[in-house]
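Below: the structure, in structure tokens.
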Amino acid sequence: MVDMTGGVFFCFNGDTEFGGRPARGQERGKAMHIIVCIKQVPDTTNVRINPETNTLMREGVESIMNPFDEYALEEALKLKDAHGARVTVISMGPPQAEVILREAMARGADDGVLLTDRAFAGADTLATSYAISQAIKKVNAHPDLVFFGKQAIDGDTAQVGPGVSEFLNFPLVTYVKSVKISGGTFTVETQMDEGVDVIEGNMPAVMTVVKDASTPRFASLGGWMEAKKTAIPRWGAKDVGAVPDMCGLNGSPTKVVKIFAPPTKTGGTRMDGRDEPDAAVEAILKMLQDKGVA
Amino acid sequence: MADTPIIIDSEKCRGCKKCISACPFDALYMEGKLAVLKPEECRACNACVKACPFKAISANVKEEAKKESLSDFKGIWVFAEQHHGKVQEVAYELLSTGRRLAKDRGCELAAVVLGHNVTDSAAHLIAAGADKVYVVDQPELAEYEANVYTDALNQLIAKYKPEVILAGATAVGRAFFAKVAVRARTGLTADCTALSIDKESHLLHQTRPAFGGNIMATIMTPNHRPQMATVRPKVFKMTTPDPKRKGETLMEALKLVTAGTKIVKAERNAANVNIAEAEIIVAGGRGLKKAENLEQLKKLADLLGGVVGVSRACVDAGWISASHQVGQTGKTVCPKIYLAFGISGAIQHLEGMRGSDTIIAINNDPNASIFGIADLGIIGDLFEILPMLIEAVEAKRKN
Ligand SMILES: Cc1cc2nc3c(=O)[nH]c(=O)nc-3n(C[C@H](O)[C@H](O)[C@H](O)COP(=O)(O)OP(=O)(O)OC[C@H]3O[C@@H](n4cnc5c(N)ncnc54)[C@H](O)[C@@H]3O)c2cc1C
Ligand SMILES: Cc1cc2nc3c(=O)[nH]c(=O)nc-3n(C[C@H](O)[C@H](O)[C@H](O)COP(=O)(O)OP(=O)(O)OC[C@H]3O[C@@H](n4cnc5c(N)ncnc54)[C@H](O)[C@@H]3O)c2cc1C
């Protein structure tokens with residue numbers, strides 16, 4: 001059986017209460033509350049498969065914040081800069097995923113929560129969406145916006161954001177590249193297959209963010225100092241009131257039965273087209289046709 | 001013990017190991033001459049029950065009851081995504097695959113169309129292989145909105161109980177199917193590149209790339225229905241439509257929820273395509289020598305329905321905007337086809353495109369690193385090959 005979360009192991013089941021410093025905007029009255037979900041992923045998608053066991057070899061691979069999630073966080077922080085908002089980051093993962101929450105706080109998020117519990121291990125996107133939506137409800141049952149990256153670079157499904165929108169019963173906008181808000185409404189540009197749409201709606205909403213959005217900011221030294229001081233609560237399945245049958249492997253309808261390396265690209269056919277350019281063009285054309293193009 | 005999905009009778013087991021090779025989940029092992037179950041691995045697919053020549057393995061009745069309700073779900077559905085009445089090509093590709101799956105499963109193939117003024121499309125879908133077409137033709141469905149589409153499809157699922165549903169892994173399909181699957185509390189496999197019906201279990205085997213195309217995974221949804229998958233466009237070939245095929249069109253009138261968002265503007269044209277999402281990328285590097293030569297790449301890209309990508313060298317030279325850059329500090333792409341003209345294949349470039357399904361490289365240096373990962377490597381002068389290729393594709397189009 002393959003661990004669907006991609007080999008992570010959950011081993012801390014804490015019950016620290018939700019902490020964090022109050023947002024600047026919040027002190028002034030009713031400010032927005034934006035939640036950003038961030039995932040810790042291997043630093044490269046260039047993972048290898050152990051040919052004997054057919055499992056992923058992850059030794060020595062560093063972990064980072066999912067690159068798309070940096071863009072999601074940046075959109076939230078830009079809204080915070082412009083309108084004042086509390087920005088909360090949530091991650092589900094092993095205890096060491098705490099570092100990406102700290103990094104997000106160093107960049108400007110106000111507080112963070114780590115969802116970590118063995119019971120979450122092996123979750124597919126249904127079980128992941130459920131666990132995260134339970135955590136969101138505990139953080140705030142009425143947030144204004146919930147941001148996700150377009151997809152995680154390891155699991156690559158792009159299903160968790162839409163899944164959470166379903167559990168929260170919030171409108172969903174995917175592939176967002178810019179966000180503007182005014183009063184209780186938002187206007188976003190989305191990158192669709194064939195161009196850009198402009199979409200309007202009322203908050204609350206779930207949005208997934210693409211990499212064409214604004215370049216993520218760096219964490220400042222002051223930000224890191226501040227972030228280090230803030231406690232990050234660790235919540236398990238019980239803390240968020242998650243039903244065991246809907247968590248982790250038990251709550252996952254999909255089962256990964258096999259993983260394998262794709263046919264390796266060790267360089268395929270090589271042709272010298274210097275003397276016979278016609279044959280070379282013919283070969284390209286044939287390959288394009290075989291793939292259903294041209 | 002009674003709670004395990006299958007029960008092994010130690011009196012009858014002869015230790016022949018047939019069940020072990022039949023199990024797709026590695027949920028059985030031998031203890032001496034006796035087969036033993038690892039209950040936490042078992043997915044109750046019952047492959048071992050059928051495989052045992054001595055009837056030593058039986059399905060637990062409680063699990064069997066669940067199975068029975070699973071057997072209420074019948075038929076294979078294809079979601080026929082359309083934009084303004086035009087059915088997307090991927091729907092036709094899925095119908096051709098759907099026909100193969102329906103044959104292997106011995107069931108019906110249906111298409112589902114959601115939209116407004118879309119009823120005409122039913123005839124095309126039948127010609128492409130559908131036995132039935134469910135059409136929901138209502139003004140609320142004119143433009144895609146996640147919640148309204150989810151509501152419509154889930155109502156149809158609840159009413160007709162399909163066993164399998166497929167959609168194209170497009171911007172629309174990937175987002176809205178994820179909602180549909182959650183609402184139906186079933187599994188969804190993303191962005192599949194291969195599908196088949198398992199002969200033993202009759203389950204859908206769904207194979208997909210993950211980790212940016214560096215690994216492949218085969219996924220099943222054994223105990224939930226429908227089994228859902230999104231399928232990458234252009235993976236399967238369309239079959240030639242047969243206008244004489246007979247089929248049934250069923251009009252469904254639904255009471256739908258109100259939309260959560262609305263589209264105020266849609267600027268859709270191929271030139272806007274985000275290269276990270278593109279299926280075909282025609283890329284160039286410093287070997288192009290000057291900005292004007294990018295026009296040629298653009299021409300080929302347009303002909304193939306693709307977009308232009310470049311190495312950082314081109315961006316640094318100011319030939320084109322950074323949004324076209326592929327690589328470590330640019331975009332990571334995994335198109336179906338990546339054509340590289342005059343790109344050396346620096347590691348930072350390869351990092352961003354090695355997940356491409358098919359890589360074709362043209363370079364006049366026989367030792368260029370890009371050849372190391374190219375499926376087809378042409379040693380040659382791009383200024384000779386590129387215009388000839390454009391001409392050849394144009395000629396092809398005319399026929
Ligand atoms: C090889 C392989 C193939 C898989 N295929 C499937 C499949 O086809 N179907 C399926 O249901 N499951 C699949 N899984 C399981 C899936 O990877 C996990 O459920 C994972 O927890 C979430 O999916 P993802 O990584 O694809 O995230 P995505 O849905 O791509 O992530 C989108 C966004 O959701 C947020 N997010 C995702 N995970 C977290 C998290 N842990 N904490 C905080 N935010 C998060 C982030 O904002 C992220 O940008 C697969 C796993 C593996 C290893
Ligand atoms: C931190 C860092 C990040 C970077 N990030 C990226 C990145 O994201 N993306 C990226 O692309 N690069 C990136 N680079 C730069 C990278 O190292 C290379 O310098 C760059 O990719 C080279 O681009 P090129 O292949 O177009 O040019 P070159 O390496 O100069 O190659 C040009 C090629 O064209 C061929 N050629 C010349 N004339 C012809 C002809 N007539 N016909 C056919 N072939 C011809 C030559 O044989 C040669 O192989 C990064 C570098 C660093 C240090």
Okay, helices (runs of 4 or more DSSP H) sitting entirely in segment B:283-399 with 1 or more residues that are of a type in the set (Val, Ile, Thr) and under 16 Å from residue A:285 (Cα atoms), I get B:382-398
Filter result (at the interface with another protein chain (Cβ under 8 Å from one of its Cβ atoms) and either of a type in the set (Lys, Arg) or outside any strand (DSSP E or B) (or both)) within segment A:169-224: A:170, A:171, A:193, A:194, A:210, A:211, A:212
For residues that are more than 29 Å from the chain's Cα centre (by Cα) and near ligand 2 (Cβ under 8 Å from one of its atoms), scanning just segment B:370-383, find the one that is most open to solvent (accessible area, probe 1.4 Å). B:383
When you check residue A:137 against the structure, is it within 30 Å of residue A:255 (Cβ to Cβ) and more than 14 Å from ligand 1 (Cβ to nearest atom), yes or no? yes
Of everything in segment A:235-281, what is open to solvent by less than 50 Å² (accessible area, probe 1.4 Å) and either of a type in the set (D, E, K, R) or in a helix (DSSP H, G or I) (or both)? Give them in sequence order. A:239, A:251, A:255, A:277, A:279, A:280, A:281
Mind listing just one residue for me: the one in segment B:332-357 that is under 23 Å from residue A:214 (Cα atoms) and within 16 Å of ligand 1 (Cβ to nearest atom) and, of those, most open to solvent (accessible area, probe 1.4 Å)? B:332
Restricting segment B:124-162 to residues that are more than 14 Å from every other protein chain (Cβ to nearest Cβ) and of a type in the set (Asp, Glu), which is most open to solvent (accessible area, probe 1.4 Å)? B:140
State the number of residues belonging to segment B:40-57 that are among the hydrophobic types (A, V, I, L, M, F, W, C) and within 14 Å of chain A (Cβ to nearest Cβ). 4
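Given the options B:297, B:304, B:288, name the one that is open to solvent by less than 20 Å² (accessible area, probe 1.4 Å) and either in contact with a Lys or Arg (Cβ under 6 Å, 6 or more places away or on another chain) or within 11 Å of ligand 2 (Cβ to nearest atom) (or both).
Of B:297, B:304, B:288, the one residue that is open to solvent by less than 20 Å² (accessible area, probe 1.4 Å) and either in contact with a Lys or Arg (Cβ under 6 Å, 6 or more places away or on another chain) or within 11 Å of ligand 2 (Cβ to nearest atom) (or both) is B:288.
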Matching entry among A:116, A:125, A:190 (being modelled with pLDDT of 95 or more and within 18 Å of residue B:150 (Cβ to Cβ)): A:125
Strands (runs of 3 or more DSSP E) lying entirely in segment B:211-257 (those with 1 or more residues that are surrounded by 22 or more Cβ atoms within 10 Å (Cβ to Cβ)): B:215-220, B:227-231
Hits in segment B:10-27 (condition: of a type outside the set (A, V, I, L, M, F, W, C), touching a helix residue (DSSP H, G or I) at 6+ places or on another chain (Cβ under 8 Å) and more than 13 Å from chain A (Cβ to nearest Cβ)): B:18, B:21
Return only the number of the condition from (1) more than 8 Å from chain A (Cβ to nearest Cβ); (2) touching a strand residue (DSSP E or B) at 6+ places or on another chain (Cβ under 6 Å) that residue B:201 does not satisfy. (2)
Checking the conditions here, which among A:237, A:283 is in contact with a Leu (Cβ under 9 Å, 6 or more places away or on another chain) and at the interface with chain B (Cβ under 7 Å from one of its Cβ atoms)? A:283
Go through segment B:166-190 residue by residue and tally those that are more than 7 Å from chain A (Cβ to nearest Cβ), touching a strand residue (DSSP E or B) at 6+ places or on another chain (Cβ under 6 Å) and open to solvent by 10 Å² or more (accessible area, probe 1.4 Å). 1
Here the residues within segment B:336-362 that are within 10 Å of chain A (Cβ to nearest Cβ) and either touching a helix residue (DSSP H, G or I) at 6+ places or on another chain (Cβ under 9 Å) or at pLDDT 95 or above (or both) are B:337, B:339, B:350, B:354, B:355, B:356, B:357, B:358, B:359, B:360, B:361, B:362
Subset of segment B:364-378 (residues that are charged (D, E, K, R) and either more than 9 Å from chain A (Cβ to nearest Cβ) or in contact with a Pro (Cβ under 7 Å, 6 or more places away or on another chain) (or both)): B:365
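The values are calculated or read from the model by the stated rules, or taken from the named source; none is laboratory data. Fair warning: this is a prediction, and the values are worked out from it, not measured in the lab. Here the Cβ is made from the backbone with ideal geometry for all residues, glycine too, and neighbour counts use every protein chain on show. Note: accessible area is taken over every heavy atom of the protein model, side chains too, but ligands, DNA and RNA are not part of it. Shrake-Rupley method; radii C 1.70, N 1.55, O 1.52, S 1.80 Å.
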